[in-house]
1. Just checking, which of SER220, SER207 is touching a residue at least 24 places away in the same chain (Cβ under 8 Å), closer than 20 Å to LEU128 by Cα and touching a helix residue (DSSP H, G or I) at 6+ places or on another chain (Cβ under 9 Å)?
2. Looking at SER292, SER278, SER313, which one is surrounded by fewer than 19 Cβ atoms within 10 Å (Cβ to Cβ), small (Gly, Ala, Ser) and touching a Pro at 6+ places or on another chain (Cβ under 7 Å)?
3. Answer with yes or no whether TYR186 is within 16 Å of ligand 2 (Cβ to nearest atom) and either free of Cβ contacts under 8 Å to residues at least 24 places away in the same chain or buried (at least 18 other Cβ atoms within 10 Å of the Cβ) (or both).
4. Taking only pairs six or more apart or across chains, which ones have beta-carbon atoms under 8 Å, a first residue in region 351-366 that is in contact (Cβ under 8 Å) with a residue 12 or more places away in the chain, and a second residue that is assigned to a loop (DSSP other than H, G, I, E, B) and of a type outside the set (Gly, Ala, Ser)?
5. Would region 97-116 turn up any residue that is farther than 30 Å from GLU427 by Cα and either hydrophobic (A, V, I, L, M, F, W, C) or in contact (Cβ under 8 Å) with a residue 60 or more places away in the chain (or both)?
6. Note down all Cβ pairs under 8 Å where the first residue falls in region 146-161 and is over 14 Å from LEU438 (Cα atoms) and without any contact (Cβ under 8 Å) to a residue 24 or more places away in the chain, the second is part of a strand (DSSP E or B) and more than 11 Å from ligand 3 (Cβ to nearest atom), and they're at least six residues apart or on different chains.
7. Could you please find all residues in region 150-180 being surrounded by 22 or more Cβ atoms within 10 Å (Cβ to Cβ), more than 16 Å from ligand 2 (Cβ to nearest atom) and among the small types (Gly, Ala, Ser)?
8. Every residue in region 30-54 that is surrounded by fewer than 10 Cβ atoms within 10 Å (Cβ to Cβ) and either in a loop (DSSP other than H, G, I, E, B) or modelled with pLDDT under 90 (or both), please.
Amino acid sequence: MTDSIFSEYPPGLSQAQQEYLVTTIKDWAIQNGLAVRPPPAAIPDGTDLHRVLATNAPVTLFPSPFPAVCFEEAKALQTVYNQLYATITCNEEWLGRVIEDLIDVDDFVANLWKTHLEVKKEGYVQPLSLGLFRSDYMAHVTPGSTPSLKQVEFNTISSSFGGLSALVRTLHAELLMSPPGFPISYPPHHLFESNIPPENNAVETLSGGLAAAHTAYGMSKSTPALPLCVLFVVQDGERNIFDQLALSKHLTQVHKIPVFRLPSNRILNDTLIPSSNSSRPLIYHPPHSPGSAFEVTTVYLRAYYAPDEYKSSKDWTARVHLERSAAIKCPTVLNQLSGCKKIQQVLAEPTGPDHLSSFMSGSDPAVVARLRETFAPQYDLSSDGRGRELALNPETAMKHVLKPQREGGGNNIYKSEIPDFLRSIPEKDWKGWVLMELINPAPNAENVALRNDGEVLRGKVISELGVYGTILWDSTGKALHNDQGGWLLRTKGQEVNEGGVAAGFSSLDSILLY
Ligand code: ADP
Ligand code: MG
Ligand code: MG
């Protein structure tokens, strides 16, 4: 596809047509649960005391073009990536060597590692681990060649938006399939001819992983036996609740599994591990149903991925409590740590020991090579070398992003700000950050975004693809269930560096393959 075709995308809308489309999408979003709770700042004091308000999730009016070769490659590699991260998680010694280097500069990572050591000392009782992963990419363009798939990051905890993303696909597909002349159809465009966004079965895939773990847990370990359930551990006041409810509804309605939501600050109040039972079942007492008890097969964390969620030592006690229980954790502490940006940088190292090949020994070397092709150059900053050179030189810094060991968006330092930022922190702390070359996602299409405060923005955009995968594995790294399916497209203004939807930088989108 040439730039000229992009320059005509999306088809123009008159002011009246745009307003009509925006109104249609706002209503569709609420009717179908493509929604979020509004940010507190958007609610005048005292007007939503009972938390009844919801608004549309930030969403684009049109699907965005995305290269089919990159989309297919991302899907083809997902189960390979799933297995890679399961294998890394099982190699506690290797993981520990990388993580230990971060401990003196990163309290959060240090506390996660300490949590693992504490449970290890007592002994883990659950050999199975569950991952619900999302591998994020951009289509990287170098002049004169076809776009290639480059990984932005690999998420091992609280990988979100599977639920809402599937809905955006439905919304755009409905608009595309609406016959010409119908009130809500798009104006014609050649990209729309016999083209709708690919199927998006993220909800089925992610729920399928949770259901596989629930089944693999086996019988109740309590005497007398208790009914079994899945527990979603969530943030208090979570705004992205409807995304999570898409998964729990599917688990309940299709897999017939009871699911409870538990804010992380209630873990120590509402769950316990009977001290008399060496199997350490995690028992959940629903506060709304006094006297009833469930045994938790699977703890799904949509919380506890950021340091500010651990408000006191009580939160760390709660994390240890979950980790030492017999419930299957999604993720375990070790699996969460395997998602550190540092691990991704070490895997991508072009010289020194070939960690990637070691972890993938037994795999087809051609597949290892394809995985390696998705890595963008990344550098360690622990000592003088190429990374420091590139980061401290204002010219080369412009082509890079500096990342700490954090999740959830809003944590990175970009381009011209890198040298001054590094000089503002003690040199001994530099090793807590990795330097990554910026991916160049051109050519740029335009799109129009409807933000969750109703604002409508039009401009050149950059899109980031996420592909979902799930894997259940035992302590040897052997997979009992390894599946991929479903995707997320997030689109942001070209000039915006960051990318998260929840962090307010980008909008949910869907894909038109070209
Ligand atoms: P987080 O775990 O906080 O989401 P990311 O590594 O995904 O951290 O970085 C956040 C955002 O920064 C991404 O969504 C993307 O928009 C941008 N970003 C990160 N790395 C790169 C890169 N190498 N090239 C271009 N943009 C990047
Ligand atoms: Mg992340
Ligand atoms: Mg990210």
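1. When all the criteria are applied, what remains is SER207.
2. SER292
3. no
4. HIS355/GLU349; PHE359/ASN91
5. no
6. Note: no pairs meet the criteria.
7. Passing the criteria: GLY163, ALA166.
8. ALA41, PRO44, ASP45, GLY46, THR47, LEU49, HIS50, VAL52
The values are calculated or read from the model by the stated rules, or taken from the named source; none is laboratory data. Bear in mind the structure is a predicted one, so any value in this text is a computation, not a measurement. All Cβ positions, even for glycine, are placed from backbone atoms using ideal geometry, and neighbour counts span all protein chains on display.
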